[in-house]
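Report on the structure given below.
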Amino acid sequence: MTVHETNEMSAITTAGPKRVVGVRVPEKSLVGDLRAIKVVWKRELIRFWRDRLRMITSLMQPLLFLFILGTGLGAAMGQAIPGFNFRTFLFPGVVTLSVLFTAFFAAGSIVWDREFGFLREMLVAPVRRWSIVVGKCIGGATVATVQGLVLLAMAGLVGVPYNPLLIILVILEMFLIAFMITAWGTMIASRVKTFQAFMATTQVILLPLFFMSGALFPISNLPSWLSIVIHLNPLTYAVDMVRRTIFAFMELSPEAAEFVQGVTWGTWIVPIWLEAVIVALTGLVMTLCAVRLFRNL
């Protein structure tokens, strides 16, 4: 053993036990939970802004429905109701479609986070798990609302007036719908293990919800079985809420007004405020379910 090695051994022997520095974990608090909501919300916005391809491709399907399907069906509907622009009738459903897919895919990022390990880091943070769910829902709703604003800017092309009050009301309704769908997607994503399975689940859930919501056709004079399913679909009230808000700022003929009279329970027309309550309560229930499932992760 050399002199240098002997000195090192002597130093280690005489140093005594080393002091262990404790790590203090902050206690869970409301301030920390609110900060977690803000961080998750901001992360969703950054992720959406950096994915320009996603922003562009998510507009293709709504535009096809609006200008291709709307023009084709409008040629036939124009014979039944002269002077009625069917693309105007289709516009609220197309806006809801854009919000629907964008919000649901925003919730799907939970599956990616689980596969790449980021979700584990979020779950071990000193915050309550409900704050992560709420931040995800608000972030997804914000992203979907921003996406819907692009379609709302094209409202004039289909005869929808650019009324400031109308635009504000539709934006609020889009956010409410997007929050409901994001909460729904978050609940599903918390139980799905792979992104491929989530995509398959998306097609099974979203397409039936959309097609059975009255977004593409009036819901009056339908077969009994289809009418029951449509009335049980919460997206029906979301689409009708946006549609009636838009047509409230337009002058319609008696035939067109009857065509867009709205959802009815028997002979009673469901008011817009009640439709908003139904959408909000559905979003709240889905959020509570998502929080409960997150506790078991």
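The values are calculated or read from the model by the stated rules, or taken from the named source; none is laboratory data. Keep in mind the model is a prediction, meaning the values are calculated, not measured. Note: ideal-geometry Cβ built from the backbone for every residue, glycine included; neighbour counts use all protein chains shown.
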*In the range 86-145, how many residues are in a loop (DSSP other than H, G, I, E, B) and over 14 Å from TRP184 (Cα atoms)?*
6
*Evaluate the range 270-288: report whether one residue or more is within 20 Å of LEU100 (Cα to Cα), hydroxyl-bearing (Ser, Thr, Tyr), free of Cβ contacts under 8 Å to residues at least 60 places away in the same chain and in a helix (DSSP H, G or I).*
no
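Yes or no: THR142 under 30 Å from PHE67 (Cβ atoms) and surrounded by 24 or more Cβ atoms within 10 Å (Cβ to Cβ)?
Numbers: under 30 Å from PHE67 (Cβ atoms): yes; surrounded by 24 or more Cβ atoms within 10 Å (Cβ to Cβ): no.
No: the conditions fail for THR142.
Please find, among PHE210, PHE217, the residue that is within 30 Å of MET250 (Cα to Cα), modelled with pLDDT under 90 and outside any loop (DSSP other than H, G, I, E, B).
Numbers: PHE217 fails: outside any loop (DSSP other than H, G, I, E, B).
Going through PHE210, PHE217 in turn, just one is within 30 Å of MET250 (Cα to Cα), modelled with pLDDT under 90 and outside any loop (DSSP other than H, G, I, E, B): PHE210.
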*Could you check GLU115 against (1) surrounded by fewer than 22 Cβ atoms within 10 Å (Cβ to Cβ); (2) closer than 17 Å to THR287 by Cα and say which number it fails?*
(2)
*Considering the range 156-176 alone, what residues qualify as being free of Cβ contacts under 8 Å to residues at least 12 places away in the same chain and either outside any helix (DSSP H, G or I) or touching a Leu at 6+ places or on another chain (Cβ under 7 Å) (or both)?*
TYR162
*Could you please find all residues in the range 39-58 being surrounded by 14 or more Cβ atoms within 10 Å (Cβ to Cβ) and either modelled with pLDDT under 75 or of a type in the set (Lys, Arg) (or both)?*
ARG43, ARG47, ARG54, MET55, SER58
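With the structure loaded, tell me whether LEU232 is of a type in the set (A, V, I, L, M) and without any contact (Cβ under 8 Å) to a residue 12 or more places away in the chain or whether it fails that test.
Values: of a type in the set (A, V, I, L, M): yes; without any contact (Cβ under 8 Å) to a residue 12 or more places away in the chain: yes.
Judged against the criteria, LEU232 is a match.
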*What number of residues within the range 245-269 satisfy the criterion of being part of a loop (DSSP other than H, G, I, E, B), closer than 24 Å to ASN233 by Cβ and not small (Gly, Ala, Ser)?*
4
_Name the single residue that is surrounded by the fewest Cβ atoms within 10 Å (Cβ to Cβ) among those in the range 212-239 being of a type outside the set (Ser, Thr, Tyr) and over 19 Å from GLU275 (Cβ atoms)._
ASN221
